[in-house]
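Please read the structure below before turning to the comments.
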Amino acid sequence: MTRYVALLRGVNVGTTRLAMADLRRIVSDLGHEDAKTYLQSGNVAFGSTVRDAEKLAAGIERALTDELALTVPVLVRSGRELAAIAGGNPYADREDDPTRLLVAFLASAPKKSTVDALAVPGGENVSFTVTGREVFLHYVDGGYGRSKFTNAYLEKKLGVVATTRNWKSVRALAEMTAP
């Protein structure tokens, strides 16, 4: 049994509403074990014998559509991947405010050309590092909420679906999926 987390994009932050009890039920009904949600923003940790993260994501997406008529992108990471992410933030030693450190999880690794062309909008003091399917973000002068360097901006510039979590959430999810 491998521990995973499913990260749903855009849940309970705009018009897409989803009760976490429904999310836990859906994940459990798919045959996964010990489904636990974190916060109200579409994070669910679970155990599964399925070894294919894309298959897991597709199954949860399909169930959300079939049962609740929600079209929500789902990204899945294993506990091992989350541990590496939580242990590999290049900005963690520079910042003790977890609201200024975030990770954008990407559905797939972006093309090198789009990564090379990625730039912070003018006038903003944001550092970023793209590593595979994650973008580590450090909002030096303020928080994510006032920035133009957002999830939507990353999706547009990198050409991939993304969902962003703050550092506190990343660490909590890593703990929830630890063996």
>> Looking at region 148-160 only, could you name the residues that are among the aliphatic types (A, V, I, L, M), out of contact with any Phe, Trp or Tyr (no Cβ under 9 Å at 6 or more places or on another chain), surrounded by 16 or more Cβ atoms within 10 Å (Cβ to Cβ) and closer than 12 Å to Arg9 by Cβ?
In response: Val160
>> For region 136-169, give me each residue that is touching a helix residue (DSSP H, G or I) at 6+ places or on another chain (Cβ under 6 Å) and either of a type in the set (D, E, K, R) or part of a helix (DSSP H, G or I) (or both).
In response: Leu158
>> I need a count of the residues in region 140-150 that are modelled with pLDDT under 95 and either aromatic (Phe, Trp, Tyr) or closer than 30 Å to Gly47 by Cα (or both).
In response: 1
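Output the residue which, of all residues in region 38-54 that are outside any loop (DSSP other than H, G, I, E, B) and under 24 Å from Thr150 (Cβ atoms), is farthest from the chain's Cα centre (by Cα).
Here is the first cut: in region 38-54, the ones outside any loop (DSSP other than H, G, I, E, B) are 43-48, 53-54.
Then keep just the ones that are under 24 Å from Thr150 (Cβ atoms); that gives 43-44.
On the way: Asn43: 8, Val44: 11 Å.
Top of the filtered list is Val44.
Let's see how each residue does on (1) over 20 Å from Ser169 (Cα atoms); (2) over 12 Å from the mean Cα position of the chain (by Cα):
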site: Arg9; (1), (2): no, no
site: Glu61; (1), (2): yes, yes
site: Gly79; (1), (2): no, yes
site: Val103; (1), (2): no, no
> Could you list, in sequence order, the residues of region 64-85 that are charged (D, E, K, R) and surrounded by 18 or more Cβ atoms within 10 Å (Cβ to Cβ)?
Replying inline: Arg77, Glu81
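May I ask you to say which residue of Arg51, Arg17, Arg62, Arg9 is under 24 Å from Val135 (Cβ atoms) and basic (Lys, Arg)?
Values: Arg51 fails: under 24 Å from Val135 (Cβ atoms); Arg17 fails: under 24 Å from Val135 (Cβ atoms); Arg62 fails: under 24 Å from Val135 (Cβ atoms).
Answer to the selection: Arg9.
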> Within region 23-35, can one find any residue that is under 18 Å from the mean Cα position of the chain (by Cα), open to solvent by less than 60 Å² (accessible area, probe 1.4 Å) and not aliphatic (A, V, I, L, M)?
Replying inline: no
> Mind checking which pairs have a first residue in region 104-120 that is under 12 Å from Gly159 (Cα atoms) and a second that is of a type in the set (D, E, K, R) and surrounded by 14 or more Cβ atoms within 10 Å (Cβ to Cβ), Cβ under 7 Å, 6 or more apart or different chains?
Replying inline: Leu106/Arg133; Leu106/Glu134; Ser108/Arg133; Ala109/Arg133; Thr114/Lys157; Leu118/Lys157
>> Cβ-Cβ distance below 6 Å, separation of 6 or more or different chains: which pairs start in region 71-84 with a residue that is among the acidic types (Asp, Glu) and end on one that is modelled with pLDDT of 95 or more and open to solvent by 10 Å² or more (accessible area, probe 1.4 Å)?
In response: none
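The values are calculated or read from the model by the stated rules, or taken from the named source; none is laboratory data. Given the structure is predicted, the values throughout are model-derived calculations rather than measurements. When we count neighbours, we look across all protein chains shown, and the Cβ atoms used for this are built from the backbone with ideal geometry, even at glycine. Just the protein is used for accessible areas: all its heavy atoms, side chains included, with ligands, DNA and RNA removed. Shrake-Rupley method; radii C 1.70, N 1.55, O 1.52, S 1.80 Å.
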